[in-house]
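Here is the structure we will look at.
The values are calculated or read from the model by the stated rules, or taken from the named source; none is laboratory data. From a predicted model like this one, the values you see are computed outputs, not experimental measurements. Cβ atoms come from the backbone with ideal geometry, glycine included; neighbour counts cover every protein chain shown. Only protein heavy atoms, including side chains, enter the accessible area calculation; ligands, DNA and RNA are left aside. Shrake-Rupley method; radii C 1.70, N 1.55, O 1.52, S 1.80 Å.
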Amino acid sequence: MKMFLTMTRVDMRPALALLIVTFLFGNIPVGNAQIPPNQPLTLQAQDRTFQSINDGFSVTVPDGWVIQDVYNTDTDTLLNEIMQGSRLLARLCPQQQAVADIEGRYSCEESSENMYIQRYPNLADESEFDSIPNGTIPNEDLVNYHITKLQKLGYTDISVVQNTKLTINVTSSDTNNTIAIVPVNIIEMRYNNANSIDTRGYFMLAATNATSNVGMISGYSLSYEADAAALPSGHPPQPIQQIFQSFELVKEA
C-alpha cells in the first residue's frame with residue numbers, strides 16, 4: 001500500500017509546468033527522469049550505506065534488500081510536490097521482489113513489501129502549523145499532521161499503539177561530523193487502510209531546519225505497513241528496525 005498521496009491531473013498542469021521549467025530549471029531538459037550527471041549519491045557495498053546529499057539523508061540498506069532512489073527531476077514529480085506538499089525520496093524493498101535494470105539499479109514499484117522515505121519540504125507554510133509560534137514544529141504536532149495525511153488517503157479508525165521518542169544525527173556532507181541532533185518519533189499505528197483492510201504501520205517522523213541553509217523546516221517520514229494479522233505488534237521486523245536505527249540527515253555544505 002503506497003503511503004504517499006496521489007493527485008488527479010488538472011487543467012492547470014501546462015501552466016504550472018511552464019513556470020517550473022522557466023524558474024527552476026532554466027535550460028535543463030526536464031522531459032525525463034534520468035540521473036543528473038553530478039547527482040551526489042553513493043551506495044557503498046562494504047557497509048551498504050546509501051547517501052543522497054541532494055535529498056539530505058543517509059540510510060543502511062539491510063542485507064537482502066535494495067534501495068530505489070526516486071529521481072525528482074521530471075515535471076510531473078515537481079507538480080505533485082507543489083500540490084500535495086510532499087516528495088517521495090526513495091523506496092526500499094527485498095531484492096527478490098525488485099526489478100533490476102541494465103545499469104544495475106533497482107525498482108521497488110512492483111514489490112509487495114516497501115519502506116518509503118518521504119520529505120515535506122516546507123512545513124512552516126502548511127495551514128496546520130499557522131498557529132505555531134516562531135516557526136517551530138513540535139513532533140507531537142507532526143504526528144497529528146501525519147495522521148491527517150493518512151485520513152486524507154481514506155484511512156479510518158486510526159489508533160496510536162505506541163510512540164517512542166528517540167534522536168537522530170544531522171551530519172555535514174563535507175566533514176561527516178555531527179552538526180545537530182534532531183528528536184524523532186517512532187510510532188506504531190493500527191488502522192483500516194483505504195481498502196478497509198485491518199493494517200499495522202510503523203513510522204519514523206522528524207521535523208527540523210538543521211538541513212537547510214535558509215532556515216526552512218522540512219519534515220521527514222519513513223513508513224512501513226502490512227496486514228495487521230501478519231505484522232506483529234511491539235516492534236517492526238528486523239530489516240525495518242535496522243533502517244530506522246541507521247537513518248540520518250545530511251546537510252549539504
Filter result (open to solvent by less than 10 Å² (accessible area, probe 1.4 Å) and more than 18 Å from Thr156 (Cβ to Cβ)) within the stretch 196-209: Tyr202, Met204, Leu205, Ala206
Residue selected from the stretch 163-195 under the condition in contact (Cβ under 8 Å) with a residue 24 or more places away in the chain, open to solvent by 20 Å² or more (accessible area, probe 1.4 Å) and touching a Ser or Thr at 6+ places or on another chain (Cβ under 8 Å), by the criterion farthest from Asn54 (Cα to Cα): Asn192
Strands (runs of 3 or more DSSP E) wholly inside the stretch 150-253 containing at least 3 residues that are not aliphatic (A, V, I, L, M): 156-172, 178-192, 198-208, 218-227
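So that you can scan it fast, the table gives a plain yes or no per residue for (1) more than 21 Å from Arg119 (Cα to Cα); (2) open to solvent by 20 Å² or more (accessible area, probe 1.4 Å); (3) without any contact (Cβ under 8 Å) to a residue 60 or more places away in the chain:
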| position | (1), (2), (3) |
| --- | --- |
| Thr211 | no, yes, no |
| Met216 | no, yes, no |
| Ser221 | no, no, no |
| Ala226 | yes, yes, no |
| Ile243 | no, no, no |
| Ser246 | no, yes, no |
| Ala253 | no, yes, no |
